[in-house]
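The values are calculated or read from the model by the stated rules, or taken from the named source; none is laboratory data. Keep in mind that this is a model prediction, so the values were computed, not measured. Note that we place each Cβ from the backbone using ideal geometry, even for glycine, and neighbour counts take in every protein chain shown.
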């Protein structure tokens with residue numbers, strides 16, 4: 001998760017130096033794909049967590065809470081680079097949807113919108129093997 005986070009921050013740094021809207025509209029751009037990489041990874045892990053483990057994402061000191069804090073930090077950095085309003089104005093609604101803060105179990109959406117067709121198709125979005133939560137203290 002941390003490596004994924006670091007890669008996405010590097011891509012975000014490149015996006016901040018480029019023509020943001022142009023780069024994010026170009027679905028062949030490595031910057032566009034990396035924009036979604038960390039966010040999509042977090043959404044899969046958090047969205048597939050068993051109900052009995054969701055509280056760990058909001059419990060200080062847990063590994064899952066660290067993941068949530070990294071995700072929220074990434075979302076905040078995205079919105080500092082290019083605001084949600086700018087994303088939506090440019091027609092990049094899926095970019096805005098995938099960078100909503102995870103503030104509570106009731107507001108989190110495991111699949112907030114579709115991803116661009118060139119990034120993933122519906123058949124690609126399937127469950128991944130998750131760590132065994134029972135073994136996490």
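Tally the residues that are over 17 Å from residue 110 (Cβ atoms) and at pLDDT 85 or above, restricting the search to segment 35-69. Write out each step before concluding.
In the first step, residues of segment 35-69 are kept if they are over 17 Å from residue 110 (Cβ atoms); the result is 35, 59-63, 65-66, 69.
Cutting the leftovers down to at pLDDT 85 or above gives us 59-63, 65-66, 69.
Of the residues in segment 35-69, 8 are over 17 Å from residue 110 (Cβ atoms) and at pLDDT 85 or above.
When you look at residue 122, is it modelled with pLDDT under 55, assigned to a helix (DSSP H, G or I) and surrounded by fewer than 15 Cβ atoms within 10 Å (Cβ to Cβ), yes or no? Criteria not met by residue 122. Taken over segment 70-92, the criterion of being closer than 18 Å to residue 107 by Cβ and modelled with pLDDT under 90 is satisfied by 78, 79, 84.
Within segment 72-96, the set of residues being free of Cβ contacts under 8 Å to residues at least 60 places away in the same chain and crowded, with 16+ Cβ neighbours inside 10 Å comprises 72, 75, 79, 84, 94, 96.
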